[in-house]
Every structure is written in C-alpha cells, then in structure tokens.
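Novice: Once you've had a glance at the structure underneath, I'll fire off some questions.
Readers should treat all values here as calculations from the given coordinates under stated rules, not as data from a laboratory. This one's a predicted model, so the numbers in the text were calculated from it and none came from an experiment. Cβ atoms come from the backbone with ideal geometry, glycine included; neighbour counts cover every protein chain shown.
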Amino acid sequence: MSNKIKNLTLKIWRQLGPTTKGSFETYKVAEISDEASFLEMLDYLNERLISEGKTAIVFDHDCREGICGTCSLMINGQAHGPQQGGATCQLHMRKFSDGDNIVIEPFRAAAFPIVRDLMVDRSKFDRIIESGGFITAPTGGAPDGNLIAIPKPVSDAAMDSAQCIGCGACVAACPNGAASLFTAAKVAHLNRLPQGQPERFKRVESMVETMDLYFGSCTNHGECQGACPKEISVDVIALLNKDYRKAKFASRKDLAR
Amino acid sequence: MTQATSSHRSPVTGTAVASKRRRLFLLDLYSTAVGKKYVMAITGIALMGFVLTHMIGNLKMYLGASELNHYARFLEELFYPIAPHGVALWILRGGLLAMLVLHLHAAYSLTVLNRRARPVKYQSARDFQIATFASRTMRWSGMIALAFITWHLLDLTFGVVNENVGAKDAEGLKDVYGNVVFSLQRVPVAIFYVIANVLLGIHLFHGAWSIFQSLGWNNPRFNKLRRSFATAFAAIIVIGNVSFPVAVLAGVVGN
Amino acid sequence: MSLTVDLLEQNTVNLNSKIPLGSIEDKWDNYKADMKLVNPGNKRKFKVIVVGTGLAGASAAATLAELGYQVDSFTFHDSPRRAHSIAAQGGINAAKNYQGDGDSVNRLFYDTVKGGDFRSRESNVHRLAQVSVNIIDQMVAQGVPFAREYGGLLDNRSFGGAQVSRTFYARGQTGQQLLLGAYQQLARQIGLGGVRLFNRTEFLDVVTVDGRAAGIVVRDLVTGEIESHAAHAVVLATGGYGNVFFLSTNAMSSNVTAAWRAHRKGALFANPCFTQIHPTCIPQSDEFQSKLTLMSESLRNDGRVWVPNNPNETRPPHEIAESERDYYLERLYPSYGNLAARDVSSRAAKRLVDKGQGIGPLKNGVYLDFSEVITRLGREVVQERYGNLFEMYERIAGENPYEVPMRIYPASHYTMGGLWVDYELQTNIPGLYAAGEANFSDHGANRLGASALMQGLADGYFVLPYTIGNELAPMLGKTIPGVEHPEFKKAEQAAREKYDNYLNIKGSRSPDWFHRELGKIIWGRCGMERDEQGLKQALSDLPALHEEFKTDLNVTGDGTSLNQTLEKAGRVDDFFELGMLMCRDALERRESCGTHFRTEHQTDDGEAKRDDQNYCHVSAWQWGGDAMTPNLNIEPLEFEAAHLATRSYK
C-alpha cells in the first residue's frame, strides 16, 4: 500500500552543454509516493520547476521498463542507483527513506560528453558496433533457419550476453572508463554462434581497436558487472581477450579482410 | 537562460571504412589496451614466479647460516660449468629486469589511457560494489613495492646501505645470512619490510586473479578457483616474507 | 499498369489500393514478376529518407542501402537501438510449421484476418504470412539467438490462444533481439557509408511539391536547428500513437507527430479508432504515474482472475473466502476461462471496476491469483515458469506475487490504425511510404499476439525494398526539387513559427499536464468501450482543452538548445488533433468489431456485434483544414479467400 516519503534533498548536476561549466543544484522534494519510480520523482520535480518558470532538468529516458537502455544517472555514487540488476527507470522510491540526501550526477567519461544536465552522448557505442558488431547477412539470401542446429547451451550463452541494453553503466561504473563489458558482450554473443564464425576474428579485432580509440582499459575491477542492469558477467571480457589474441596470432592470409 | 552550444551537427556515415596500418604482429598486439594487458599478465606471471622462488629460497634461513649461504652460492654457480661463474644468474636477473620494465611500461601506458578516459572525475563520492581495495590501489601498491625492491637491492645485493655485505662466513662463502640478520635487526627497516610485503600481497591478490581474465583463461569449471588461487598465493607470499623480519627481531633467526 | 485494379474512386482522393491481379497466393509473385527494376548501377542516383529506426525503419534503411540506394536515416533517439520495438516481449509469428502441427501460410493468413475481425486488407495480410518464413531465416542468419530445443533446432510456442505453435521467441526479450539484429545491419551500412544517420533529430513535416513527396523538415534536438532534406522517396516508420492515452505501455517519447504531419499534408489516416488494449498490465498507482508496464499474457495460463463480490470489501485478499470471490472470466466464458481474448477479458475487467468491485488502494484493478497453481504444482514449478515476471512485478508493485495476488488492469498497448497505404505501402501521396505500426494495413480491428514484430520486419526487409524500386525506376534522369525549393522554405518557416509560438504562450500549464488531461478524456470516452454520447462529449471537450493548450501552455527554456519540454509540446499538440479524429472515427463506425466496442452494438450476452453490411470497409480520413472537419473516404474490403465469420470465445 502506498506511503509517502518525506523531506528528500536532491543534489542534481546542472550543466548547459558539453564545454560549459556545471555545478550541483539543491532541490527539496517535500513528499512523494513510495510507489513512484525514481524518474517519476524527477518528472514531478520538473513539473514544479516549470510552474515556477524554471528550466526543467534534462535527463535521458524512454521505455521506463528497463529494456531500451536510454536512462542513465549516477545515483549516490552508483550507476543506475542502489539496486542490482535493474536500470534507473526500474528503481522505485520505496528504496529510499524520509530525510534522505540523494546525489544525482551524469555518467562521466571522455567518450560520453554531457549534452545537457544529466544527459550524455553515448554514440561511441554505435561506432563500436559499426566497426564489426554484426554478422554480414544481406537481406534475401538467408538459408533456412533450421539448417544449422545450434546446441541449446550455446544459444543460451549467446543470449545471456546479447541481452546488453547499451546503457553505458559499465563505462560509468568502471574506475577506468572502459567499455570492455559492452564490447565483449557483443563479441561473446556473435562469436559464440555458428553464424558468427566467418567474421569471428575480423570482428573482434576491429571492435577492440575501435573501442581503444575512445575508452579506457579493463583492469579487472569487475565494477561493470555490478552496475550492469542485465548482470552480464565479466567472463565475456575473458572471451574477448582470448579471441583478440587468436585474431592477432591467426595467419593474415586465412582471414577475410 | 544563456545559450549552450549551437554548432551544426553532421550526420554519421562511413565510420568503418578507414583501414588501420598494420605493424609486426607483436607490436600490433601491444598497440591496444588488450595487448598491453597481455603483457601485464605474462610479465606478472614471471614476476610472481620470482617472488615465489625467492621466498622459498629464503626459508633456508630457518635451517641455519650454512644452508642459506650454500644456496646463495648455488645460485651464483647455476649452470656452471656450461656457463661461466655467475653468468646464468645475471642472465636471469636481466630477464627479470626486462619483465619489470615491460610491466611498468604497460602499467604506465594504461594509466595514462585510463586517466584520459575520464578527464572530469565524479564530483560526488563513489559507492563501489565489486571493485576491491586491492584492485583500486594497484598502482599505489605497485609503486611502493617498487620502492621497496630498490631499497632491498641497495641493501642486500649492492650493500650500499648494509655494512655486512662483503663479509665471508666460516666456510669462506658470502655471508648472506649475516646480511639478512644485520638488515632486519634495524627496526625501521623491518617495519618497512613488513609494510611493503603486505602491500605486495594486496597487489598479488588482485594481480594473480587478473591474470586469468587478461589472458582469456576462462572456464566455468575453474572460474571459482581463480579467486581462491589468488588469495592463497598472496597469503603464502605475505606469510613467508613477513616471517623473516619477525623471526630476526624475535631472535629465532640470527643467534 | 494492367496488374492492378482500381477498387473505388470516391470523394476527392483516389483510393487505389493497387492490389495485383491473380489468386491470393499468386498476387505477390505476380507483383514481383511485373514490377519495374532499377539497374544496380543506377540505384546510387536515388536518395531515400527513412524516418524511424525501429524494426521497420532499421530493416528498410539497411536493406535499401545494401541494394545501393543512398539512404538517410533519422531518429530522435541518441542511438537507433533505442526504438520502442525493443520492448516487445512475447515473440514473432511465422508460418514455418517446424512443429508439424498443421500450420501453413494460408492458416496464418486466415488467423490474422479473423483475429483482425475482418477489417484488414486480404492481399496485404496474405503477403505478410508468405514473407513471415523469410523473416525467421533472415534473423537467424544475422545471429538472433532464438530459443532452441535440446536438439539444436528452433523452439516454438503457442501464443495468444493460437491453435498452432508458430511463435519464435528469445526469452521474454524477442523484440530486443530482433531490433538489435536489424540495428546491427543498419550499423554495418552506416559504417560502410551506405546510410547517413541523423540521431537526436526529430521529424517535423513532410514537404510535397506538385503532389509528390519531395523531402522532410527536421529539428535537431540538440541545437534546435530546423532544416530540410530532399529525397526521391520518404519512408515513415515512426510507430503507433498509443500515447494519445497518456498512460500506455508505449515508451515515453513514442508519438504520432510524423504520421500526423503527413496526414495534414494530405496523407489519409485510416481506422484511427482501432487501438488495442492489453489486459495484463500493472494498474496505475498514483496521479504522477508516467507509464504502465505490461506483464506477459502468458501469466493467464496459470493465474486465476477474480474480484471480491462485495464492492466495499476492505480485507486483504487471503482473508476473502472462496464463496465471496467472483472468478468472472471462468463464470462468463466457461470454455476459454482465464484465457479469453485480450479485448474480451479487458472489457470484463473494466465493467467490474466501473461497478466499484475493483481492488487495490485506488480500486482500479483485478486480482490475478496464483495461489491455486502454487498449491497444485508447488512453488518451484511456478518459479521456473514465471520467476522473472514475478520478480519484475515485485520490483514495480512492491508486493510478492507468491504470497499476494497480482493486481492487473488493461492498458493501451498497440494501435492498428495508421496512415492509409496501398499494396506497395505507399500512402496516397506518391513517394511517401508508411511501414510498421505507422501504417494501418495488416491487423484490421485487432492484432494477434506476436504479429507486430512480424509486420515491422516484413515491411522493412521484404516489401519496401521491392515496391520503392517500382516507384523510383521511372524517375531515372529526372531532377527532383532541392531544399531551396519554396515549398521547403515555407515548411521550415511554419515549423519555426510553431515552436517559437509554444515558447511565447507563457501560460500556466506544462505540456505534460495537458497530455494527462487529454489522456483522461480519450481513455474515458474512446478506450475499451465507446458510445455515441461519450464520443460526442469527447468531441466537444477535446477542442476546448486544445484551445486552452494554445493559450495557457507553459514551456520554459529556449528553442536553441536541448529542451525536452518544448519537444513534448509539439507532440502533445499533434496528439490533440489525432484524438479528435479517433473519436470521430469511433463515432462514425456504428458497429463493434475487434477492439472497437460500441456499447450500442452488442449481442444479448454482451459480445461485439459486427455490421458487415455497412462497415466492412476501411475508413480513410482526409485532413479537412481543421481537426474537427475531416473528410471520410471509404475503401471497401472484399474477402475472397477468407470468408466472413463471427469470432466467439464462449
């Protein structure tokens, strides 16, 4: 049953653009239903700001059910806030108590420049996928779906890492700002499947090298796994490292490039 | 409200058409962060091997001066007469130094890369979930261990800060045992020795686990053992090494 | 050309559906055999704009670029991967008959036509069923990790009461996996330079020159810049308009703007009143709720739906004795019970809640109770079947469904109506296409579960790449109007004025406030049940509220940097006008069919009563200069292969 949470103090990062200087602003929320989601609490605050003639706080969000990967936010020092295995949009106010101080910051990384306030630009993830995160299968010539039998455990393992929603929490949480979990999740998805074998080494090579242009390096903190809304395991990073090594050692002539 | 940015944005296209210039394959591998982690891991294994054998060798001091001094002599005479006196040992030392330099260079380059990856730090306190104290202090524990190694070499190898170095024992062998006892009887040195080895243990706790990830050694059958291995390895090194100053100060060794 | 038949010419618009000749099985083959082709070397001379990067948009953009066309792809998201197709849970249908249980293209075709209550165009639906098999092959080749049997072959399940197992799925995230598959093909083409991607760029208007689509006007959401893009053809794959209800299972930014602006430029809007309500969503919990969350329909396989007999019941559910409970679906529909069709069970829930028998703090839901199945099969079995759904429910509702019955209520979910398109998915504006949920073509008055993903991919991968070529071939060597053409300048100017105006009203209410009020009217008058009086009331309330919007809107911030309040204002404005058309369409369709339930038109036992005599047609509305004065055009529906029959779930 619905209860009210009272006297919240929010410290929210406000910044006009990527190159301007930002700062924390403090806002009070006197009362909010514990049934409300965290983003609804921000909606509510924005409604108030608009009615006071102030500019609403900009934050990214869309599906609000944890699958589109649009929402972000560092809440009290944790990517997607104080809950495991969920995105910010799945965080509810019942996780907080009366009188709490909540600090909200944007995801921070050189590759994720701030667009405005809490909104960041994560399009470097798209660059990684564009460099090799696909199987070349032009429309039209595909063989029958059941032509290749894929063992269920292989398919399941591919699905485990294919669940990545591309939210960027791994980068935000990583003390090094590395995108290894994101990149490795896609490599693990496609490189595990029979359909992904022809481009296996070319894929991992281009994706790793593109990742290197923008992001930090993995030093095995494991923080990404803790922040991942889909709880993707750092085991995929080991797979990425292995395939990258194999790609480098494989004979160039054997690889289609 | 002042205006933020209004520069015209261009569409995204052709992001994957540029081809990368290839180098010799090892240099090519080392050019990426993943490659550097391979170097960290492989040199790490070599250094771990050294740390372990060094510790095991030093346990000889519990068997008495003669045992330890004979062991030191054995090392100098390694592969003699195939190799002339002391040469094998210097080759090993050279290899070790190369490993250390590579380890440091990779660590330095990765640190620079990682600093650049987040030029603006989080402005509020982080609440880490999985990252450990060990993983977050690798570069500090590493640098203090490096400072210790430098001191340690000056102390027991080159004798710059150890008056006993150069002395011979009753059998005419280098008095390594006496060097150690002389060094560790100095309380500040013993304390530095203990602190450095605990930090080395913390460094190994993360490093020994990290190796598996960085080298892509991953298998559900042994994944759980990776952390246990790292804990055990670090514990053995710390217990072994810390026992030496304790034993010297307690008088177990040296009398 | 000889292969098409003119169905009807009426009013002012030429409603030529261009259905190819031949038997239903041969129409698509006949079309392909007869269509005009563009030489591979000439394809790069044509530019195609694709708006939207969901299943239909991403697959169309990728395929057109593979063929060699220059493609410009637009999304208002930061990345093409965010499109709302990603949220579909259940699965995708295909007539593969891998299970050998008697499925076929014809059966999928018939089920879809019947499920749509005979209000869709037969030829389009048959083509959809035909290409459904190619979709699965294509997606498997791209690496979509569909669920598999232990033997390694693809697994299927029966979905939404279908009598065959034809639904392919990837856990509860089929939409995500399919969208990522299409997104990856699009990303590949962006990488190779075949597609230019404009992200965070919102479509504002379509530009027509001499009656032909010449390009679009867009607004860069980051800089506020408004600019034009010219092309030989424009594809709108911009999704549905379920957010007209404010509370729906759609994503927050899903909107009708693209389809609506095209409508205002002359494109017909078909069957806007056909909107689907999903019966198992988590009920609204407070006034500030922003959206509703869908719980998979599969829960009804084992859950029992009930409400207390006593409207003034205050006890917690476990204290209410069996004799004091009304298991109304089992009572009303003995043979289907808790599995009664989506619209049927939704209406039943609404009636009880309206009678005051609703449960929960706001008395706005019904119980979905698993205690019986937990007792019968044990908690482990239930956990294995529904563990992730129970977890999701607990996260949102804060109650443990193993111990307390779930609270559910219907919510808006999908819109069958959309831009009128012909067999080629071309609107009545030459050069302007609509694909996926944005068009009206395949689902009639009700969509079957697991068919939305099928249609989006069919349109994008297997229909548009052929039909656009047929349109472009004769244009080779002709010049098209560039962005300097006065029509572009006029449209840009109008768009600028529109957005400046929102900022200058400086009233007292936010766009969200108006959206919420609009939603209340539409949900109340044009939701699960509609009647003449209510619709007329809505048609008088909506213009009044819209007028208030125009004079009392408050948009803070500026128009030259990222401003989500301003974006929202434009979308809500268009929802108002669409809402009026929806109510008009619902009023004019004096029958009940599929999800459109007019209380005046029901059988004695409360079921939908269709009127094939007078309403077996598509209502295609034409903009009449004002949202309240649209012109109705009619495309009669003829059923040659699928014979008209009555749906029954008794």
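Novice: Can you list which of the DSSP-assigned H helices in chain B have a Cα extent of 15 Å or more along the long axis and an average Kyte-Doolittle score of at least -0.5?
Specialist: B:33-58, B:87-117, B:138-152, B:187-214, B:223-250
Novice: Can you show me the helix-derived [θ] at 222 nm for the protein assembly as shown, built from DSSP H runs with n ≥ 4 at -39,500 (n - 2.57) apiece and divided by the number of residues, rounded to the nearest 500.
Specialist: Calculated from helices alone, the mean residue ellipticity at 222 nm is -13000 deg cm²/dmol.
Novice: Further, regarding this structure: Within 10 Å of each Cβ in B:16-22, how many Cβ atoms from other chains are there, averaged over the peptide?
Specialist: Partner-chain Cβ atoms within 10 Å, mean over residues of B:16-22: 4.
Novice: While we're here: Using alpha carbons only, how many degrees (0 to 90, rounded to 10) separate the axis of helix C:511-526 from the longest principal axis of chain C?
Specialist: 70
Novice: Of all DSSP beta bridges located in the protein assembly as shown, what percent are antiparallel, nearest 5? Walk me through the numbers before you get to the answer.
Specialist: Details: 69 of 94 bridges.
The antiparallel fraction comes to roughly 75 percent.
Novice: Taking R0 as 51 Å, what's the FRET efficiency between C:Lys478 and C:Lys609 from their Cβ-Cβ distance, rounded to 0.05? Before the final figure, lay out each step's value.
Specialist: On the way: r = 52 Å, r/R0 = 1.01.
Plugging the Cβ-Cβ distance into 1/(1 + (r/R0)^6) gives 0.50.
Novice: OK, next. Hand me the tally of lysine pairs in the stretch C:484-612: alpha carbons under 18 angstrom apart, and the pair either on different chains or 8 or more positions apart.
Specialist: 10
Novice: Label-point separation (nm) for A:Asn3 and C:Asn388, each offset 7 Å from Cα along Cα-to-Cβ?
Specialist: Using points 7 Å along Cα→Cβ, the separation is 3.2 nm.
Novice: Follow-up. Please turn the phi angles of the stretch C:445-451 into ³J(HN,Hα) values with the Karplus equation 6.51 cos²θ - 1.76 cosθ + 1.60 (θ = phi - 60°), one per residue in order, whole Hz, x for glycine and proline.
Specialist: Residue by residue, the stretch C:445-451 yields 9, 6, 9, 6, x, 6, 9 Hz.
Novice: If I histogram all Cα-Cα distances within the stretch C:484-612 using bins 10 Å wide from 0, what percent of pairs lands in each bin?
Specialist: 12, 33, 25, 18, 10, 2, 0
Novice: Hey, if you put +1 on the Cβ of every Lys and Arg and -1 on every Asp and Glu Cβ in the stretch C:484-612, which of C:Ile522, C:Pro511, C:Thr556 ends up farthest toward the positive end of that dipole?
Specialist: Checking the options against the dipole of the stretch C:484-612, the answer is C:Thr556.
Novice: Once all Cα-Cα distances of the stretch A:122-254 are split into 5 Å bins that start at 0, what whole-number percent is in each one?
Specialist: Once binned at 5 Å, the Cα pair distances of the stretch A:122-254 give 2, 11, 20, 23, 20, 13, 7, 3, 1, 0.
Novice: Return the distance in nm (one decimal) between the two label points of a simple spin-label model at B:Lys174 and A:Asp144, each offset 7 Å from Cα along Cα→Cβ.
Specialist: Taking the two extended label points, one gets 7.6 nm.
Novice: Here's a follow-up. Return the single residue from A:Val208, A:Val187, A:Val29 with maximal mean-square fluctuation; model: Gaussian network over chain A, springs between Cα atoms under 10 Å.
Specialist: A:Val29
Novice: To test your reading of the geometry: what angle, between 0 and 90 degrees and rounded to tens, separates the Cα axis of helix A:38-51 from the longest principal axis of chain A?
Specialist: 50
Novice: Could you sort C:87-93, C:468-474 so that the peptide with the highest average Cβ count within 10 Å comes first and the rest follow in order?
Specialist: Details: C:87-93: 25.9, C:468-474: 18.6.
Answer by packing, highest mean first, reads C:87-93, C:468-474.
Novice: Something else now. Report, by chain and number, residues whose modeled amide H sits under 5 Å from the one on A:Ala178, excluding near sequence neighbours (fewer than 5 apart, same chain).
Specialist: A:Gly216
Novice: So for chain B, Kirkwood radius off the Cα pairs, Stokes-Einstein at 4 °C and 1.567 mPa s: how many µm² s⁻¹?
Specialist: Working: Rh = 21.6 Å.
In µm²/s, the coefficient is 60.
Novice: So how tilted is helix C:122-141 from the main axis of chain C? Cα-based, degrees 0 to 90, rounded to 10.
Specialist: Between helix and principal axis, roughly 90 degrees.
Novice: List every residue whose amide H lies under 5 Å from the amide H of C:Ser510, counting only residues 5 or more places away in sequence or on a different chain, with H placed 1.01 Å from N in the peptide plane.
Specialist: So C:Ser510 has HN proximity to C:Asn554.
Novice: Let's test the formula: R0 of 30 Å, r as the Cβ-Cβ distance of A:Arg14 and C:Glu497. What FRET efficiency results, to the nearest 0.05? If you can, show how the numbers build up before the last one.
Specialist: Numbers: r = 30 Å, r/R0 = 0.99.
E between A:Arg14 and C:Glu497, to the nearest 0.05, is 0.50.
Novice: DSSP beta bridges in chain A, what fraction antiparallel, as a percent rounded to 5?
Specialist: The answer is about 75 percent antiparallel.
Novice: How many Cβ atoms of partner chains, on average, are near each residue of C:208-214 if near means within 10 Å of its Cβ? Don't jump to the answer; show the numbers that get you there.
Specialist: Details: counts 0, 0, 0, 0, 0, 0, 0.
Mean partner-chain Cβ count within 10 Å for C:208-214: 0.
Novice: Go through A:Lys95/C:Lys291; A:Lys11/A:Lys186; A:Lys95/A:Lys230; A:Lys124/A:Lys248; C:Lys36/C:Lys96 and tell me which ones have a Cα-Cα distance over 28 Å in this structure. All intermediate terms of the calculation are to be shown ahead of the outcome.
Specialist: Details: A:Lys95/C:Lys291 19 Å; A:Lys11/A:Lys186 35 Å; A:Lys95/A:Lys230 19 Å; A:Lys124/A:Lys248 24 Å; C:Lys36/C:Lys96 30 Å.
Distance filter (> 28 Å) returns A:Lys11/A:Lys186; C:Lys36/C:Lys96.
Novice: Taking the convex hull of the Cα atoms, report for the protein assembly as shown its projected area averaged over all directions, in nm².
Specialist: Projected area, direction-averaged: 50.8 nm².
Novice: In addition: Going by the alpha-carbon gyration tensor, a ≥ b ≥ c the square roots of its eigenvalues, is the stretch C:573-650 rounded (a/c under 1.5) or, if a/c is not under 1.5, prolate (a/b greater than b/c) versus oblate? Before the final figure, lay out the partial values.
Specialist: On the way: a/c = 2.79, a/b = 1.60, b/c = 1.75.
Cα axes put the stretch C:573-650 in the oblate bin.
Novice: Moving to a separate point now. Quick check: from the Cα gyration tensor, does the stretch B:61-145 come out rounded (a/c under 1.5), prolate or oblate?
Specialist: oblate
Novice: What whole-number value in cubic angstrom gives the convex hull volume per residue for the C-alpha atoms of the stretch C:279-405?
Specialist: Numbers: hull volume 14.1 nm³, N = 127.
In the stretch C:279-405, the Cα hull volume divided by residue count equals 111 Å³.
Novice: Follow-up. Would you mind working out the magnitude of the charge dipole of the stretch C:1-143 relative to its Cα centre, with +1 at each Lys and Arg C-beta and -1 at each Asp and Glu C-beta, to the nearest 20 Debye?
Specialist: Values: 16 positive and 15 negative charges, 101 e Å.
The calculated dipole for the stretch C:1-143 is roughly 480 debye.
Novice: Would you mind estimating how fast the stretch B:14-65 diffuses translationally, via Stokes-Einstein at 37 °C and 0.692 mPa s with the Kirkwood radius over Cα pairs, in µm²/s? The partial results should precede the final answer.
Specialist: Numbers: Rh = 14.4 Å.
Here the translational diffusion coefficient equals 227 µm²/s.
Novice: Taking the convex hull of the alpha carbon atoms in chain C, what volume per residue do you get, in Å³?
Specialist: It is 154 Å³ per residue.
Novice: Between A:Leu213 and B:Leu146, what FRET efficiency comes out of the Förster formula 1/(1 + (r/R0)^6) with R0 = 25 Å and r the beta carbon distance, rounded to 0.05? Write out the running numbers ahead of the final one.
Specialist: Values: r = 31 Å, r/R0 = 1.22.
Step by step, r from the Cβ atoms, then E = 0.25.
Novice: When you take every Cα atom in chain A, what is the radius of gyration, and what is Dmax, the widest Cα pair distance, in Å?
Specialist: 20.9, 67
Novice: OK, next. Given the peptides B:44-55, A:34-45, C:62-73, C:551-562, arrange them by the average over their residues of other C-beta atoms within 10 Å, most packed first. Don't jump to the answer; show the numbers that get you there.
Specialist: Details: B:44-55: 16.1, A:34-45: 22.3, C:62-73: 25.5, C:551-562: 19.1.
Per-residue Cβ counts within 10 Å, averaged per peptide and sorted highest first, yield C:62-73, A:34-45, C:551-562, B:44-55.
Novice: In whole angstrom, and with the biggest value first, how far do the Cα coordinates of the stretch C:101-162 range along each principal axis?
Specialist: So the three principal-axis extents are 39, 24, 17 Å.
Novice: I want to check the label-to-label distance for C:Glu372 and C:Phe639. Put each point 7 Å from Cα in the C-beta direction and report it in nm to one decimal.
Specialist: 3.3
Novice: Under the classification rounded if a/c is under 1.5, otherwise prolate if a/b is larger than b/c and oblate if not, where does the stretch C:122-229 fall, given a ≥ b ≥ c as square roots of the Cα gyration tensor eigenvalues? All intermediate terms of the calculation are to be shown ahead of the outcome.
Specialist: Working: a/c = 2.70, a/b = 1.87, b/c = 1.44.
Here the stretch C:122-229 falls in the prolate category.
Novice: Also, I was wondering about something else. About the Cα centre of chain C, how large is the charge dipole given +1 on each Lys and Arg Cβ and -1 on each Asp and Glu Cβ? Please answer in debye to the nearest 20. Intermediate values should be presented prior to the final figure.
Specialist: Numbers: 69 positive and 81 negative charges, 178 e Å.
Magnitude of the dipole: close to 860 debye.
Novice: Of B:Lys36/B:Lys224; A:Lys202/B:Lys20; A:Lys242/B:Lys37; A:Lys28/A:Lys54; A:Lys152/A:Lys242, which pairs sit farther than 20 Å apart, going by alpha carbon to alpha carbon? Don't jump to the answer; show the numbers that get you there.
Specialist: Working: B:Lys36/B:Lys224 25 Å; A:Lys202/B:Lys20 12 Å; A:Lys242/B:Lys37 12 Å; A:Lys28/A:Lys54 15 Å; A:Lys152/A:Lys242 23 Å.
Long pairs (Cα-Cα over 20 Å): B:Lys36/B:Lys224; A:Lys152/A:Lys242.
Novice: For a quick protection proxy, order the peptides C:202-215, B:96-109, C:438-451 by their average other-Cβ count within 10 Å, most packed first.
Specialist: Ranked from most to least packed, the peptides come out as C:438-451, C:202-215, B:96-109.
Novice: Can you tell me, using C-alpha contacts under 8 Å and at least 6 residues apart, the relative contact order of the stretch C:484-612 as a whole percent?
Specialist: Details: 148 pairs, mean separation 38.5, N = 129.
The value is 30 percent.
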